[in-house]
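The values are calculated or read from the model by the stated rules, or taken from the named source; none is laboratory data. Quick caveat: nothing in here was measured; it's all calculated off a predicted structure. Neighbour counts are summed over all protein chains in view; Cβ atoms, including those assigned to glycine, are modelled from backbone coordinates with ideal geometry.
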Amino acid sequence: MTVYQNLFLGRELHDRWGLLDHHGMIREARDMLAVFELDIDPRRTMRKLSVALMQLVEIVKTTTWGARILLLDEPTSAIPESEADMLFKVIRKLKERCVVVYTTHRIAEMAAVGDRVVVLRCHGTSAFAPDEARYAGIRTCTAASFVFGGPKACKNGCLGLGDCVDACPFGALVMTAKGIPEADHAKCTGCGLCVTACPKDLWSFVPRNHRVELSCVAIDKRSVVRATCMVGCTLCRRCVAKCPAGAITWDGQTIVLDHEMCVAYGSSCKEICVDVCPSIILHRMGQLPSPEETAPAAAEA
């Protein structure tokens with residue numbers, strides 16, 4: 001059986017004489033494969049394909065004929081690592097057409113096919129978001145938050161006791177020497193356990209291909225923010241006014257960034273919101289400046 005015969009199995013095309021339209025099926029099969037950028041000759045026999053290519057042909061056949069949900073159970077277990085990237089590329093395209101349920105025990109694969117990661121909406125380290133009291137209770141964020149919102153002067157920021165780090169089963173979160181956790185997006189699977197573990201609701205889901213991160217959820221006035229965190233958002237709303245996509249808004253309490261709108265807008269905006277933010281709570285992906293570098297500029301703004 002050839003590739004095109006497999007793709008049209010049970011749905012063969014016929015010409016006006018009722019005969020099999022081989023040329024038509026080859027032409028359409030080539031178009032089907034091109035959608036997923038697969039360079040496979042539709043006239044090739046299936047038995048001559050590698051296991052990975054056989055899987056991809058079956059995926060193309062299933063989704064082309066209207067499947068809305070695709071279940072993939074350990075799809076890389078029988079293929080070499082060199083061909084797994086091809087499978088991941090097809091899966092990323094599939095998510096635009098149907099729901100993909102991917103089962104694997106390999107953490108690296110979960111990160112490769114996952115379409116979301118987490119970001120911490122706070123970058124006030126212990127040096128620039130000081131404590132206002134000494135906390136001697138149970139060393140968890142949840143317990144500390146019950147005592148007047150925690151020992152930090154900023155009641156909206158990270159308490160730095162690591163509930164999220166303990167909750168992450170993939171080692172994607174680490175507590176830094178600066179007193180706040182950081183996420184390794186190469187390991188993050190978007191499972192969301194850290195989101196539910198944080199009593200301050202500071203971890204949020206963002207698309208894996210997000211460009212801009214928002215690192216503060218302050219709701220207080222400028223004078224209060226400056227007294228509690230040297231790098232907190234002062235709600236000046238310059239970013240709201242400058243964002244050409246309308247992705248950044250003020251909900252009446254704090255600044256909100258809609259990542260779907262931001263990503264959809266493309267790169268032509270040049271992330272102007274980052275450049276106009278005096279507190280640098282908006283920053284480009286992977287370029288979070290340290291408060292030690294930004295605090296003087298923020299204090300002057």
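Quick one: would you say E83 is buried (at least 17 other Cβ atoms within 10 Å of the Cβ), among the charged types (D, E, K, R) and not assigned by TED's automatic domain parsing to the domain that holds K178?
no
Just the residues that are over 15 Å from the mean Cα position of the chain (by Cα) and within 16 Å of P207 (Cβ to Cβ), please, taken from region 86-121.
I91, K93, E96, V100
Taking V100, is it among the aliphatic types (A, V, I, L, M), farther than 30 Å from L235 by Cβ and outside any loop (DSSP other than H, G, I, E, B)?
Answer is yes for this residue.
Checking V231 against (1) surrounded by fewer than 22 Cβ atoms within 10 Å (Cβ to Cβ); (2) of a type in the set (V, I, T); (3) modelled with pLDDT under 90: exactly one of these is not met. Which one?
V231 satisfies every listed condition except (1).
Out of all the residues in region 37-71, which are among the hydroxyl-bearing types (S, T, Y) and free of Cβ contacts under 8 Å to residues at least 12 places away in the same chain?
T62
With respect to T249, is the statement that it is more than 27 Å from R92 (Cβ to Cβ) and touching a residue at least 60 places away in the same chain (Cβ under 8 Å) true?
no
Among the residues of region 218-244, what is the count of those that are touching a residue at least 40 places away in the same chain (Cβ under 8 Å), more than 24 Å from R284 (Cβ to Cβ) and not polar (S, T, N, Q)?
The number of residues fulfilling the criteria is 4.
Which condition number does T294 fail, the rest of (1) part of a loop (DSSP other than H, G, I, E, B); (2) surrounded by 14 or more Cβ atoms within 10 Å (Cβ to Cβ); (3) modelled with pLDDT under 85 being met?
Among (1) part of a loop (DSSP other than H, G, I, E, B); (2) surrounded by 14 or more Cβ atoms within 10 Å (Cβ to Cβ); (3) modelled with pLDDT under 85, T294 violates only (1).
Do any strands (runs of 3 or more DSSP E) lying entirely in region 176-260 carry at least 3 residues that are in the same structural domain as S145 (by TED's automatic domain parsing) and within 22 Å of E271 (Cα to Cα), and which ones are they?
Ranges flagged: 203-207, 212-214, 248-250, 255-257.
Check region 72-85 and report whether any residue there is of a type in the set (G, A, S), touching a helix residue (DSSP H, G or I) at 6+ places or on another chain (Cβ under 7 Å) and in contact (Cβ under 8 Å) with a residue 24 or more places away in the chain.
Yes: region 72-85 contains one or more residues that are of a type in the set (G, A, S), touching a helix residue (DSSP H, G or I) at 6+ places or on another chain (Cβ under 7 Å) and in contact (Cβ under 8 Å) with a residue 24 or more places away in the chain.
Working only within region 7-30, note down all residues that are charged (D, E, K, R) and at pLDDT 90 or above.
Result: D21, R27, E28, R30.
Let me spell it out: the conditions are (1) among the basic types (K, R); (2) modelled with pLDDT of 90 or more; (3) surrounded by 15 or more Cβ atoms within 10 Å (Cβ to Cβ), and K187 meets all of them except one. Which number is the exception?
Checking K187 against (1) among the basic types (K, R); (2) modelled with pLDDT of 90 or more; (3) surrounded by 15 or more Cβ atoms within 10 Å (Cβ to Cβ), the one that fails is (2).
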